[in-house]
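> I'd like to ask you about the structure that follows.
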Amino acid sequence: MYLLARQLNQQGCIAYETHHGKHLVSLMKKLNKAAAAHGVELLTISRPLAYGEYAPYTIADDEDSFCSMVLKLGADSFSLR
């Protein structure tokens with residue numbers, strides 16, 4: 001499964017391969033709290049090739065990289081705090 005972050009009304013997204021569970025829920029809550037007000041949408045998909053409407057995909061190497069890229073999407077500066 002992949003967690004995606006995309007700027008609303010823009011093409012492309014950031015993707016991070018992950019798994020279902022409590023950690024994913026917690027991560028999505030933190031990111032939504034920080035990013036949703038800045039026009040960043042989070043969603044999960046099974047596999048990128050099945051969802052061409054979100055392409056092009058930028059695949060993050062790890063969770064920290066994903067979070068850093070998401071925080072840069074929607075605003076000049078906001079944080080997970």
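Every read-out reported here was derived from the displayed coordinates using simple, explicitly stated rules and does not represent laboratory data. Source: prediction; values computed, not measured. Cβ placement follows ideal geometry from the backbone for every residue including glycine, while neighbour counts extend to all protein chains displayed.
> Local charge sum around LEU3 (other residues, Cβ-Cβ under 10 Å, Lys/Arg +1, Asp/Glu -1)? Present the calculation step by step, with values, prior to reporting the outcome.
Numbers: positive: none; negative: GLU17, GLU63.
Result for the neighbourhood of LEU3: -2.
> Related question: Treating only the Cβ atoms of Lys and Arg (+1) and Asp and Glu (-1) as charged, compute the dipole magnitude of the chain about its Cα centre; round to the nearest 20 debye.
320 debye
> Another one. In which sequence would CYS67, CYS13 go, from the one with the fewest C-beta neighbours within 10 Å to the one with the most?
By the 10 Å Cβ count, ascending, the order reads CYS67, CYS13.
> Going toward the positive end of the dipole of the chain, with +1 on Lys and Arg Cβ and -1 on Asp and Glu Cβ, which of ALA37, LEU71, THR18 do you reach last?
Most positive-ward Cα: ALA37.
> If each DSSP helix of 4+ residues adds -39,500 (n - 2.57) and the sum is divided by the residues in the chain, what number results at 222 nm, nearest 500 deg cm²/dmol?
Using -39500 (n - 2.57) per qualifying helix, the result is -10000 deg cm²/dmol.
> If you wrap a convex hull around the Cα atoms of the chain, how much volume per residue is inside, in Å³?
On the way: hull volume 6.5 nm³, N = 81.
Taking only Cα atoms, the chain has a hull volume of 80 Å³ per residue.
> Here is a follow-up. Check the straight Cα-Cα distances from LYS72 and name the lysines below 23 Å, setting aside those fewer than 8 residues away within the same chain.
Output for LYS72: LYS29, LYS30, LYS33.
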